Amino acid sequence: MKIAVVGATGLVGTVMLKVLEERNFPLTELIPVASEKSVGKEITFKGKQFKVVNMETAIAMKPDVALFSAGGSTSLKYAPLFAEAGTTVIDNSSAWRMDPSKKLIVPEVNAYELSIDDKIIANPNCSTIQMVVALKPLHDKYKIKRVVVSTYQSVTGTGVKAVEQMMNERNGIMDGAMAYPYQIDLNVIPQIDVFEENGYTKEEMKMIKETRKIMGDDSISVTATTVRIPVMGGHSESVNIEFANDFDLADVRAVLEKTEGIIVVDDIANLKYPMPKDAHEKDEVFVGRIRRDESLPNTLNMWIVADNLRKGAATNAVQIAEFLLRKELI
């Protein structure tokens, strides 16, 4: 079982290696892949050193699985070349997500869609993943009509440069390299990715389109506002859900509590609710502030938090690989 990690020296790639090690994924050979400037660097995995190689070398080594986190243009160019060599690619970029010929997978929600013929599998957007894990069991029981989501997203979702910008600003260094058009520390930026013609950002449109595709239901109306905030550790979301059918709050909690991958933290008497600092380095999706929307019938409010580098990216990709292995699809 040869596993390539493409983008192994980046923020998500580093976490992918960590998750593979923690979950004891049964690989026999690790192939760390990165850009030419990183070739020859050494990566430590399970106490052993592995040299970073370039794309061509990795393709020639014919890995069983390639976990990609190297950006959309790299994925569009190289994922098909890996697939042609017989490798199953699990891609973390947005390149393939809305391609009708590619599956967009969150294992707890729609892993059953996968077959042995799926050689390029898309990993969804971080903010979409955590939301649909919580939405799916509720949709199955009550049928979702409409979702209104506002996100509060960690700077780690942008990358190392953004973390450095925030920490520089926190330490009074205001003339360092900028990942954002504005100061992020002590500030909130209501823009993630570029604006599209309809006034929504690309991140907002990803959440809208990806939610429907993963849930397999284009009748669900979704609207989103995505916001960058000066935290690390995870993304938070305020989610308002209108159902076709009424619900009992106790039943909603019970459904969520028994759903794989969810931890309900909802004890307002003791001020217990999900926070990014508690989700940090965890693989679960944390749900709390579960309450009825008193302004509309059949409508629920929830607060959803997850580590965006783990469940929102690396862990979800590794879980897809684990499913493929378990079902003998690789």
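At-a-glance table
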| quantity | calculated |
| --- | --- |
| Residues of the range 133-191 satisfying the condition of being outside any strand (DSSP E or B), open to solvent by 60 Å² or more (accessible area, probe 1.4 Å) and aromatic (Phe, Trp, Tyr) | 182 |
| Pick from the range 292-316, criterion of a type outside the set (Asp, Glu) and assigned to a loop (DSSP other than H, G, I, E, B), ranking: least open to solvent (accessible area, probe 1.4 Å) | 308 |
| Filter result (among the charged types (D, E, K, R) and open to solvent by less than 80 Å² (accessible area, probe 1.4 Å)) within the range 254-291 | 266, 267, 278, 283, 284 |
| Conditions (1) over 30 Å from residue 163 (Cα atoms); (2) outside any helix (DSSP H, G or I): number failed by residue 289 | (1) |
| Filter result for the condition that a residue is among the hydrophobic types (A, V, I, L, M, F, W, C) and in a loop (DSSP other than H, G, I, E, B), over 27, 20 | 27 |
| Unmet criterion (only one of (1) open to solvent by 10 Å² or more (accessible area, probe 1.4 Å); (2) on the phi > 0 side of the Ramachandran plot) for residue 233 | (1) |
| Options 196, 203: the member that is under 21 Å from residue 123 (Cα atoms) and in contact with a helix residue (DSSP H, G or I) (Cβ under 9 Å, 6 or more places away or on another chain) | 203 |
| Helices (runs of 4 or more DSSP H) lying entirely in the range 52-113 (those with 3 or more residues that are in contact (Cβ under 8 Å) with a residue 24 or more places away in the chain and over 19 Å from residue 1 (Cβ atoms)) | 72-84, 107-110 |
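The values are calculated or read from the model by the stated rules, or taken from the named source; none is laboratory data. Quick caveat: nothing in here was measured; it's all calculated off a predicted structure. Quick reminder, even Gly has a Cβ in these numbers, built from the backbone with ideal geometry, and neighbours come from all protein chains shown. Areas reflect the complete protein model, heavy atoms only, side chains present, ligands, DNA and RNA absent. Shrake-Rupley method; radii C 1.70, N 1.55, O 1.52, S 1.80 Å.
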